[in-house]
Ligand SMILES: [Fe+2]
């Protein structure tokens, strides 16, 4: 039985770091990821025995962000360290899982370690896959929500740091559109414009979410229509057809997954 109070561990841990905006952003992100992870588990008939582990993995997935920012003053892994691995080493160093059985401990650590990889590693066992996908889906759903909030508050045009300083009104890149048409994830090396940056998230919707419940949440939040309308409002009309096509493909994929229903793998 897993009885760790992960929320309490997280709250006590984050209090050790300065009360600055970047840290507050990560605390708020984690709280939302936990809420979404709980919602996905509730809607997915998640195995009861894994629910507390899923919640703990959500609380812990980004704890490495706090020492990362303290040491390097950046959240860019490329310019510092892999924050998921740093989260794992913090979890171990804090001793949060010392009293947890090895199997449960490994499940949480794998979910944290793999949450930011482009692709989920093959050969995960069914329980591992469930927890890894849970954290990845919940994390992505919050990243979608953040962009939607930025669009709603007209935050983007004056804050290029949000989208890596990419040209705001440059066209879509062919390679990015082709990836979406192929149902593949977008390679970050192909990202040349703000529109490409947005299409990374559209590609998540086209096959990047694991749980039908996650797809349902994306549809309920109107995430694709919001992106399509916004991109069409800032890009010339010659780009509109490709934008609409990408968003349409993603919407079809989301609806298909919702209709096909839950595909929970329950361990024997
Ligand atoms: Fe993360």
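The values are calculated or read from the model by the stated rules, or taken from the named source; none is laboratory data. Please read these numbers as outputs of a predicted model, since none were measured by experiment. Note that each Cβ is placed from the backbone with ideal geometry, even for glycine, and that neighbours are counted across all protein chains shown.
Data table
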{"read-out": "Filtered residues of region 118-148 (kept if surrounded by 14 or more Cβ atoms within 10 Å (Cβ to Cβ) and not in a helix (DSSP H, G or I))", "value": "120, 124"}
{"read-out": "Test: residue in region 84-101 that is under 21 Å from residue 209 (Cβ atoms), modelled with pLDDT of 95 or more and either within 16 Å of the ligand (Cβ to nearest atom) or in a helix (DSSP H, G or I) (or both)", "value": "yes"}
{"read-out": "Filter result for residue 105 (at pLDDT 95 or above and either more than 21 Å from residue 208 (Cα to Cα) or within 15 Å of the ligand (Cβ to nearest atom) (or both))", "value": "yes"}
{"read-out": "Qualifying residue in region 36-50 (condition: in contact (Cβ under 8 Å) with a residue 60 or more places away in the chain and on the phi > 0 side of the Ramachandran plot)", "value": "yes"}
{"read-out": "Meets criteria (surrounded by fewer than 21 Cβ atoms within 10 Å (Cβ to Cβ), within 20 Å of residue 91 (Cβ to Cβ) and in contact (Cβ under 8 Å) with a residue 24 or more places away in the chain) for residue 23", "value": "yes"}
{"read-out": "Of all residues in region 174-194 being in contact with a helix residue (DSSP H, G or I) (Cβ under 6 Å, 6 or more places away or on another chain) and surrounded by fewer than 19 Cβ atoms within 10 Å (Cβ to Cβ), the one that is farthest from residue 78 (Cα to Cα)", "value": "183"}
{"read-out": "Residue 46 vs. criteria buried (at least 21 other Cβ atoms within 10 Å of the Cβ) and more than 18 Å from the chain's Cα centre (by Cα)", "value": "yes"}
{"read-out": "Entirely in region 149-252, the helices (runs of 4 or more DSSP H) that have 1 or more residues that are at pLDDT 95 or above, more than 24 Å from residue 32 (Cα to Cα) and not assigned by TED's automatic domain parsing to the domain that holds residue 45", "value": "174-181, 194-203, 223-234"}
{"read-out": "Cross-chain or 6+ apart pairs with Cβ under 7 Å, region 81-96 first and farther than 16 Å from residue 26 by Cβ, then part of a helix (DSSP H, G or I) and within 14 Å of the ligand (Cβ to nearest atom)", "value": "85/113; 88/112; 88/113"}
{"read-out": "For residue 112: the one exception among (1) within 16 Å of the ligand (Cβ to nearest atom); (2) surrounded by 13 or more Cβ atoms within 10 Å (Cβ to Cβ); (3) over 21 Å from residue 10 (Cα atoms)", "value": "(3)"}
{"read-out": "Tally of residues being under 27 Å from residue 217 (Cα atoms) and part of a helix (DSSP H, G or I) across region 37-83", "value": "22"}
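The rows are residues; the columns are (1) within 12 Å of the ligand (Cβ to nearest atom); (2) buried (at least 20 other Cβ atoms within 10 Å of the Cβ).
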residue	(1), (2)
50	no, yes
60	yes, yes
65	yes, yes
70	no, no
75	yes, no
80	no, no
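So that you can scan it fast, the table gives a plain yes or no per residue for (1) touching a helix residue (DSSP H, G or I) at 6+ places or on another chain (Cβ under 8 Å); (2) within 29 Å of residue 47 (Cβ to Cβ); (3) touching a residue at least 24 places away in the same chain (Cβ under 8 Å):
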{"site": "196", "(1), (2), (3)": "yes, no, yes"}
{"site": "213", "(1), (2), (3)": "yes, yes, yes"}
{"site": "219", "(1), (2), (3)": "yes, yes, yes"}
{"site": "223", "(1), (2), (3)": "yes, yes, yes"}
{"site": "226", "(1), (2), (3)": "yes, no, yes"}
{"site": "229", "(1), (2), (3)": "no, no, no"}
{"site": "244", "(1), (2), (3)": "yes, no, no"}
{"site": "249", "(1), (2), (3)": "yes, no, yes"}
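Listed here are the residues, each with its yes/no results for (1) within 19 Å of residue 65 (Cα to Cα); (2) touching a helix residue (DSSP H, G or I) at 6+ places or on another chain (Cβ under 6 Å); (3) free of Cβ contacts under 8 Å to residues at least 24 places away in the same chain.
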{"position": "136", "(1), (2), (3)": "yes, no, no"}
{"position": "145", "(1), (2), (3)": "no, no, no"}
{"position": "165", "(1), (2), (3)": "no, no, yes"}
{"position": "169", "(1), (2), (3)": "no, yes, no"}
{"position": "172", "(1), (2), (3)": "no, yes, no"}
